[in-house]
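As structure tokens, the structure follows; a few thoughts come after it.
The values are calculated or read from the model by the stated rules, or taken from the named source; none is laboratory data. Small disclaimer: the values here were computed from a predicted structure and weren't measured. Neighbour counts run over all protein chains shown; Cβ positions are idealised from the backbone, glycine included.
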Amino acid sequence: MKVRYFALLALIVLSVALTATPIGAQDTTTNRILAPDTAVSGNLGSEALAQVYTLSAQAGDQITLTASAGDAVVGLLVTDVAGVTVAQDAGSGSVTFRAAAAGTYYVTVLPTNGVPESSLNFELTLTVSAAIAATPVPVVEASFQVPGELLTATGLQVKLGWSSGANLDLEVRDPVGGSLFFSTPTAASGGRFGTNTNSDCSRLVTDAPSEDASWSAGVIPTGSYEMLVYYQPISACSTSDSVPLTLSVTVDGTALPLFEGALLPNQVFIASFIVNADGTVVAGVSGVKVDPPTAVGITLSDAQAMALDETIQSSVMSSQPYRLFTFSAQPNQVVNLSMAAQNGSLDTLLLVLDANGNIVGSNDDAAQGNTDSTINNLRLIAGGAYTVVATRYGQALGGTQGDFTLTLSGTPITTTASAGSTVPEFPDLPNGSVEVSVQWGTAADLQLLVRDPAGEAVFDDRPQITSGGTLAANGNVNCQVSDGSPVSYIYWPEGRLPGAGPYEIEVQYQNACNDTRPVAFTLNVVANGQVILATTQTIRPTERFVASYNIGVDGTLTPGEGGIVGTVQRPDSSAIDYAVALESAAVLTSNQTVSGSIRLNRKFDVYVFDGTAGQKVSIGMEALNGTLDPVLFLLDTAGVQVAENDDAVGGGTTNSLISEFTLPADGRYIIIATHFGGRYGVTAGDYNLTLRLN
């Protein structure tokens, strides 16, 4: 398996690098010390399976490493001086991480597809964003100022208005932590809530309904006020139309411009304003609350490094609605975070982002009635840099402010073992003789599928199959976010192993759930308490990862290869090494049908035909027996994939059909007849292939 090869080779090279005398002694012609924005050249081949470089960083530096090798792909592994993995990539040729401590880091460049057949040249470039200072990022308001008081002649009035029988509810939060709402009609600061309108179906107001909150003449707190409007439909008289609304604010006789918006059921509208000590009033931003929270628009480079068991104090202000902190984690490390408001009105919100910017952990309220935030027992699937976003309810739209303390805790991981090397524990799921699991840390919906030797597949739409395979957990299915880290889990019951033969695993990025960032996942296959297959991969929306394992007649389980095989819409032939087979490929003519077989030791057949520009070609591949799930690829005269098909249009079949494709140029075209998963698939059987040219 490519990833297993990459990880094993990386560990071997790293072990040598960390114990050898000067790294530069490995190659006196190449500069082994990386400098920012200066490319170094190197090569990989049978005599140099890896190249190792060093870089120096300060705590908090954001490091980006990019390895370019033309059309080829190389992998990158970054470790600290103790040999602990800091960042790793085995596919894109680029990694980004934030240095958790000052010192030297080792960068290993490796091939991703075994030993290169010929020398593979590459260029490696280092980019460094300067370390963030150990103090909070400077902002206009350096720290939270405890609210004062303003003497008014007419007080403060907030009024919500709308024009239907919908049930809208107003809440106003003052700068000192008070809240005016129908359930909390008074605040210690002197505020009072008015009437709760349209809460009863028998007394609906449709002609200009309104709700209000006010502070009488006298002193009012200075600082930021937050206004919330909740559209809470009542089941007995539910409404579903969008409802326009207005919020009017008057402070000591001076009216602010109207806040205007519209809500759908269960949405929240947020607006804010600031009362200054000199009596001036400034309107804040307003809009519909984004739900779930988002990291879009946050500049991740403005972050302060923090370490395990460290507590940091900072503030969230209207001028700086979030603070960023970064820490380094190992694969499968478990951490805890807590964000506690210290003063003001701050209603905290915590987000944890992975290196791709995915939200892998979040919390608004620690418990009912407690607006502090905690994230407990967060398992970080992939190693590398993570960013903590310390913000507030409503994020940029919010109006609460105050100081907070942020604490990061967890158990350090000192081993260099790769993700999945220990048996994952799922106490709430049944044990099995064979257990296949996928874990990740975002809101994305990843589908797990396992196909048994009889060709039956267990997945979302078929949670149990004849051989006993059962889907027991289906993380984030249909974008229903799981509690804790999502997991999908398929098992065969304890007692005896399932039948002998090849088993195919597919992980499909089924639904991005409003976020299109790549997702890191860990796949484990466990049998009799032993890890048989373990890999951590990065997958993008609609992509498919395919791997396999085989159960021998003696009960021995062995893993197969694994890798990305393209997207749902477009299978990818790049992992199929067809060059040797091309030399003896049969030349087909129009209306010719040929027969072939796909087996575990013969995963594809290659055919060629001569075509002319503008000619239309149709190619069909029909499975005749066995478990074969056909896939077809058409490559042009330069070997570039120009057409493909997994399942023929029309549904109900796994046969493949490339229909009426217009050839772009004269020349000899290549047909690859294979099975789902290409190089990594395991279905097998005989087939007929037919070529037609028009």
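Worth a mention:
- Test: residue in the stretch 145-152 that is at pLDDT below 90 and surrounded by fewer than 19 Cβ atoms within 10 Å (Cβ to Cβ): yes
- For the stretch 459-476, a tally of residues being of a type in the set (Val, Ile, Thr) and surrounded by 17 or more Cβ atoms within 10 Å (Cβ to Cβ) returns 1.
- Counting only residues that are outside any strand (DSSP E or B) and either farther than 27 Å from residue 487 by Cβ or at pLDDT 90 or above (or both), the stretch 378-402 holds 9 of them.
- Residues in the stretch 259-290 that are loosely packed, with under 15 Cβ neighbours inside 10 Å and not in a strand (DSSP E or B): 264, 266, 276, 277, 278, 279, 280.
- Residue among 681, 620, 677, 652 that is loosely packed, with under 14 Cβ neighbours inside 10 Å, small (Gly, Ala, Ser) and within 29 Å of residue 545 (Cα to Cα): 652
- Applying the condition of being aliphatic (A, V, I, L, M) and touching a Phe, Trp or Tyr at 6+ places or on another chain (Cβ under 7 Å) to the stretch 449-482 and asking which residue is nearest to residue 334 (Cα to Cα) yields 473.
- Lone qualifier among 584, 573 - being in contact (Cβ under 8 Å) with a residue 24 or more places away in the chain and either surrounded by 18 or more Cβ atoms within 10 Å (Cβ to Cβ) or small (Gly, Ala, Ser) (or both): 573
- Selection status of residue 628, closer than 24 Å to residue 504 by Cβ and not in a loop (DSSP other than H, G, I, E, B): no
- Count - residues of the stretch 535-591 that are farther than 24 Å from residue 607 by Cα, in a loop (DSSP other than H, G, I, E, B) and of a type in the set (Ser, Thr, Tyr): 2
- Total residues in the stretch 658-683, condition in a loop (DSSP other than H, G, I, E, B), of a type outside the set (Val, Ile, Thr) and over 10 Å from residue 611 (Cβ atoms): 3
- Entry remark, the stretch 485-530: residues being closer than 25 Å to residue 677 by Cα and assigned to a strand (DSSP E or B) number 26 in total.
- Residue within the stretch 343-351 that is surrounded by fewer than 20 Cβ atoms within 10 Å (Cβ to Cβ) and not assigned by TED's automatic domain parsing to the domain that holds residue 443 present: yes
- Residues of the stretch 55-72 satisfying the condition of being farther than 15 Å from residue 97 by Cβ and surrounded by fewer than 20 Cβ atoms within 10 Å (Cβ to Cβ): 68, 70, 71, 72
- Of the residues 435, 504, 456, 425, the single one that is in contact (Cβ under 8 Å) with a residue 12 or more places away in the chain, among the charged types (D, E, K, R) and surrounded by fewer than 16 Cβ atoms within 10 Å (Cβ to Cβ) is 456.
- In the stretch 229-250, residue nearest to residue 320 (Cα to Cα) [restricted to those that are free of Cβ contacts under 8 Å to residues at least 60 places away in the same chain and either out of contact with any helix residue (DSSP H, G or I) (no Cβ under 6 Å at 6 or more places or on another chain) or in a strand (DSSP E or B) (or both)]: 242
- Qualifying residue in the stretch 627-643 (condition: more than 39 Å from the chain's Cα centre (by Cα), hydroxyl-bearing (Ser, Thr, Tyr) and at pLDDT 95 or above): no
- Positions within the stretch 19-49 being at pLDDT 80 or above and either in a strand (DSSP E or B) or touching a Phe, Trp or Tyr at 6+ places or on another chain (Cβ under 7 Å) (or both), in sequence order: 32, 33, 34, 36, 40, 41, 42, 43, 44, 45
- Restricting 179, 214 to residues that are buried (at least 17 other Cβ atoms within 10 Å of the Cβ), under 21 Å from residue 395 (Cα atoms), touching a Lys or Arg at 6+ places or on another chain (Cβ under 9 Å) and not charged (D, E, K, R) narrows the list to 179.
- Tally of residues being of a type in the set (A, V, I, L, M, F, W, C), part of a loop (DSSP other than H, G, I, E, B) and more than 24 Å from residue 443 (Cβ to Cβ) across the stretch 291-311: 3
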